[in-house]
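Written out below as structure tokens is the structure these notes cover.
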């Protein structure tokens, strides 16, 4: 019975290691941050598909603007930071249209190679003959995108 469990564990680890690191940890979609987002901004693809905008909030410490010489003053204050992003498939480029009621802007964004995933793929890739690198290369999961500038002039 112990042999069956050991064989199952070894086979499971082997099949997990066949996947590239980026495929396992990030999946097929990349979060693309929208800088200068404002309510009412609509983002569509060149095929007129509306891209849903997602929002995350987290607490952060920022430098305090209190210049008093109070010795109990803390140099930082807590604030809530809100980030807006869309999810894009990381294996292709996109032409995006940013719209408001009276303005629009067209932009093209391209996936960029992320060297960290390549480095992490080398570790199991040396053992398995490059299979994880091939998986991440083929799927494009080791790519990232630059931020989207949401300001429309």
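The values are calculated or read from the model by the stated rules, or taken from the named source; none is laboratory data. In this text the structure is predicted, and so the values were computed from the model without any measurement. All Cβ positions, even for glycine, are placed from backbone atoms using ideal geometry, and neighbour counts span all protein chains on display.
Miscellaneous remarks
- Counted residues, region 76-120 - those being in contact (Cβ under 8 Å) with a residue 12 or more places away in the chain and in a strand (DSSP E or B): 27
- Single residue of region 133-153 satisfying the filter (exposed (fewer than 15 other Cβ atoms within 10 Å of the Cβ) and under 19 Å from residue 93 (Cβ atoms)) that is modelled with the lowest pLDDT: 138
- Residue list for region 21-42, filter: touching a helix residue (DSSP H, G or I) at 6+ places or on another chain (Cβ under 9 Å) and touching a residue at least 12 places away in the same chain (Cβ under 8 Å): 21, 22, 23, 26, 28
- Leading residue by the ranking (modelled with the highest pLDDT) among those in region 15-49 that are part of a helix (DSSP H, G or I) and either under 18 Å from the mean Cα position of the chain (by Cα) or exposed (fewer than 12 other Cβ atoms within 10 Å of the Cβ) (or both): 26
- Taken together, the criteria place residue 57 among residues that are modelled with pLDDT of 80 or more and farther than 17 Å from residue 146 by Cα.
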